[in-house]
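The values are calculated or read from the model by the stated rules, or taken from the named source; none is laboratory data. A quick note: this is a predicted structure, and the numbers were derived from the prediction, not measured. Cβ sites come from the backbone with ideal geometry, for glycine too, and all protein chains shown count toward neighbours.
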Amino acid sequence: MPASSPHLLGLRCPEVIAHAQAAGLCELGRELPAMAWRAALLSGVESLSDLPGINARKSAAVAQVFAHRPPEIVTVHPSWDKSVRYALRLADGAIIEAVLIPHHGLWSVCLSSQAGCALACRFCATGRLGLQRNLEIHEIVGQVTQIQRHAGVRVSDLVFMGMGEPLQNEAAVYGACAVFSEPMGLQISPKRMVISTAGIVPAIERYAAAQHKMKLVFSLGSAVPEKRARLMPIQSVWSFERFIESIRTYAATQRGKHVTLEYIAIRNLTLGDDDVEAIRTHLTGFRFILNIIPLNPVDPALEAPTREEVHAWSQKLRPLGFPIKVRRSSGRDQFAACGQLGRSLLADEHLASVPTLGR
């Protein structure tokens, strides 16, 4: 197999066929390239020699034209709530994590788009790892194929809320979404894919202009600009005002639909009356749902609130008239919940060395 061979899981079906035709693979059967691609996607095989329904001679010919090395599942961590955290090893040894989540009889996967993350949000363990590298299309798609194979389920929904900032890896994330939605493959509708961003403003503006069908949601953190700046260093790059304006730009393309804003509930920091006032003052000009996410601690300077505290604060928001949801984080006991991916890769002494967050 040539060193430049494209990865089978990194291509859409028409791209597979075009490359196979150029390489002469179709001489073994016009349908062979599409059959091999579909078999690799749906079966989750680790080697092209194991493609179901394709004999050894044809499988060997496919392997001469296409590369195939999906992420390797190295550890599996099931939670009492039936969600499962997976640690997967990439070809270069990098470790990423993804989570299988049950939801009303269906299955979602929380995907990683990067190994590590450069944004260093204070409520996120992945940010403490730093950025190792972007993932390629086949490494994103491979998370789903391997998890489906291991769990014996069919995934219906995808959320890019795992390790990394998806909008710092736009091409690979959008490319993976195109592979996921292929009608001959996994058949996951773009409308059942969610991409969460911490606020890469130029990428948000490009996303709005392109009018992608996937749903974009926004990590607000806090509506008080000074608090958000302390929690999310990205605000030093793009101001709070410009971030909110980019959300308005995206919301204008949504035909009146509500935009989801993710809000981190942190005791003694984001649950005050000033936070309510900031939401009333700053979040104007578009319809939104406030998705309140109780902190899953990864920083000793930040403390999780009780359910009662979150409920009491959310009641203060009711007169403002917008929808409110409080997220139930799956897999918290297995470091699979919001903000916890990568936590198992960090030593406790590393966490303890993080500077104290100013109040």
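Hey, any hits in region 85-92 for a residue that's closer than 24 Å to Gln132 by Cβ, modelled with pLDDT of 95 or more and either assigned to a helix (DSSP H, G or I) or touching a Gly at 6+ places or on another chain (Cβ under 6 Å) (or both)? The answer is yes, given that some residue of region 85-92 is closer than 24 Å to Gln132 by Cβ, modelled with pLDDT of 95 or more and either assigned to a helix (DSSP H, G or I) or touching a Gly at 6+ places or on another chain (Cβ under 6 Å) (or both). Filtering Arg89, Arg85 for residues that are under 25 Å from Leu345 (Cβ atoms), charged (D, E, K, R), in the same structural domain as Ile137 (by TED's automatic domain parsing) and without any contact (Cβ under 8 Å) to a residue 40 or more places away in the chain leaves a single hit, Arg89. For the structure I just gave you, tell me whether Gly272 is in the same structural domain as Arg206 (by TED's automatic domain parsing) and at pLDDT below 95. No, not satisfied. In this structure, Ser112 qualifies as assigned by TED's automatic domain parsing to the domain that holds Met163, part of a loop (DSSP other than H, G, I, E, B) and either modelled with pLDDT under 95 or touching a strand residue (DSSP E or B) at 6+ places or on another chain (Cβ under 6 Å) (or both). Taking Ala209, is it free of Cβ contacts under 8 Å to residues at least 40 places away in the same chain, part of a helix (DSSP H, G or I), over 19 Å from the mean Cα position of the chain (by Cα) and under 27 Å from Ala171 (Cα atoms)? Judged against the criteria, Ala209 is a match.
Scanning region 29-45 for residues that are free of Cβ contacts under 8 Å to residues at least 60 places away in the same chain and either crowded, with 17+ Cβ neighbours inside 10 Å or within 20 Å of Ile147 (Cα to Cα) (or both) gives Leu32, Pro33, Met35, Ala36, Ala39. Restricting to region 33-68, name every residue that is touching a His at 6+ places or on another chain (Cβ under 6 Å) and outside any helix (DSSP H, G or I). Of everything in region 33-68, just one residue is touching a His at 6+ places or on another chain (Cβ under 6 Å) and outside any helix (DSSP H, G or I), namely Ala67. Selection of first residues in region 119-131 that are over 15 Å from Gln168 (Cα atoms) and of second residues that are of a type in the set (Lys, Arg), restricted to Cβ pairs under 8 Å at least 6 apart or on distinct chains, gives the following pairs, ordered by first then second residue: Arg122/Arg230; Ala125/Arg343.
Just so you know, in region 183-198 the residues that are buried (at least 20 other Cβ atoms within 10 Å of the Cβ) and out of contact with any strand residue (DSSP E or B) (no Cβ under 7 Å at 6 or more places or on another chain) include one that is modelled with the highest pLDDT, and it is Leu186. For region 217-226, the set of residues classified as without any contact (Cβ under 8 Å) to a residue 40 or more places away in the chain and either touching a Lys or Arg at 6+ places or on another chain (Cβ under 7 Å) or under 19 Å from Val141 (Cα atoms) (or both) is empty.
Residue by residue, here is whether (1) free of Cβ contacts under 8 Å to residues at least 12 places away in the same chain; (2) surrounded by 14 or more Cβ atoms within 10 Å (Cβ to Cβ); (3) under 20 Å from Ile137 (Cα atoms); (4) among the hydrophobic types (A, V, I, L, M, F, W, C) holds:
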| position | (1), (2), (3), (4) |
| --- | --- |
| Ser47 | no, no, yes, no |
| Ile54 | no, yes, no, yes |
| Val62 | no, yes, yes, yes |
| Val65 | no, yes, yes, yes |
| Pro70 | no, yes, yes, no |
| Ile73 | no, yes, yes, yes |
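Do you know which of the residues in region 75-96 that are among the small types (Gly, Ala, Ser) and surrounded by 14 or more Cβ atoms within 10 Å (Cβ to Cβ) is farthest from Gly339 (Cα to Cα)?
Ranking the qualifying residues of region 75-96, first place goes to Ala91.
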